[in-house]
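Q: Before I ask anything, here is the structure I am working with.
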Amino acid sequence: MIEQETTQREHQEVWDLLDTVMDPEIPMVSLVELGVIDSVLKEGEAFTVTLIPTFSGCPALDVMRDDIIATLDGGGFDSSVKIARKPWSTDRMSDSARAKMKKIGIAPPTLHGGNVEWEMHTKIPCPYCDSMDTQIENHFGPTLCRAIYYCNTCQQPFERFKQL
Ligand SMILES: [Zn+2]
């Protein structure tokens, strides 16, 4: 019984530590908020963290893996990272992640429930003034995950995290 409680507490500690590992692309959003942590399992004395890969073109995966191992090591936990064979969807992002993105001027991906339609790629509200009078400028922003839009109302360019 005590054994089980210890494991539960350890699991909570590991999740709390993971919530301090920030996404390399959006440094104020944690991996937990991004929804890329699929599971945490204790195997023997070490924890196995399963990570859902985000956009295949993003070079962030190795950075995430190293950050997870270093952060858990700092908390006194041995760990390894496995890559899940399932697609990540932007629907897995938490509301807090979406709110933080909007705050720094990145339009968050639209919730799509698995139905990604072109319409959602074109009608994007401006993260600064919420105007719908926006247009896509460039499909390829600073990373493959992002596109550049322009707001005709407040006349500012903004980035959008593409939905997936
Ligand atoms: Zn605007």
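Since every read-out is calculated from the coordinates, none of them should be taken as a lab result. Computed from a prediction, not measured in an experiment: that's the story for all the values here. Cβ sites come from the backbone with ideal geometry, for glycine too, and all protein chains shown count toward neighbours.
Q: What longest region of the chain stays clear of GluC sites (Glu not before Pro) that DSSP places outside H, G, I, E and B and that have at most 16 other Cβ atoms within 10 Å?
A: After excluding every exposed loop site, the longest remaining stretch is 46-116.
Q: Right, something else. Which residue fluctuates most in the GNM of the chain (Cα springs below 10 Å): Thr50, Thr153, Thr134?
A: Thr153
Q: In addition: Give the value in nm², to one decimal: projected area of the alpha carbon convex hull of the range 1-99, averaged over all directions.
A: 6.6
Q: If you don't mind, another one. Can you give the extra length, in nm with one decimal, that the chain gains between Asp78 and Trp15 once fully stretched, where that is 0.36 nm per residue apart less the Cα-Cα distance?
A: In short, 21.3 nm is gained.
Q: Strictly greater than 18 Å: what percent of every Cα pair in the range 1-48 meets that?
A: Values: 409 of 1128 pairs.
The answer is 36 percent, as a whole percent.
Q: Filter the cross-link list Lys82/Lys102; Lys42/Lys162; Lys42/Lys100; Lys102/Lys123 down to pairs whose alpha-carbon distance in this structure exceeds 23 Å.
A: Going by Cα-Cα distance, Lys82/Lys102; Lys42/Lys162; Lys42/Lys100 fall outside the 23 Å limit.
Q: Suppose we keep just the DSSP beta bridges with both residues in the chain; what percent of those would be antiparallel, to 5? Kindly include the intermediate steps, with their values, before the conclusion.
A: Numbers: 17 of 24 bridges.
Given both bridge residues lie in the chain, the antiparallel proportion sits at roughly 70 percent.
Q: GNM, the chain, Cα, under 10 Å: largest mean-square fluctuation among Ile83, Ile106, Ile68?
A: Ile83
Q: Under the √(5λ) rule applied to the eigenvalues of the Cα gyration tensor, what semi-axes describe the equivalent ellipsoid of the range 48-111? Give them in Å, descending.
A: Those come to 25, 15, 11 Å.
Q: Now, a different point. Which FRET efficiency value, to the nearest 0.05, is calculated for Asn115 and Asp66 with the Förster distance at 25 angstrom and r the Cβ-Cβ distance? Mind showing how you got there, number by number?
A: Details: r = 35 Å, r/R0 = 1.40.
About 0.10, to the nearest 0.05.
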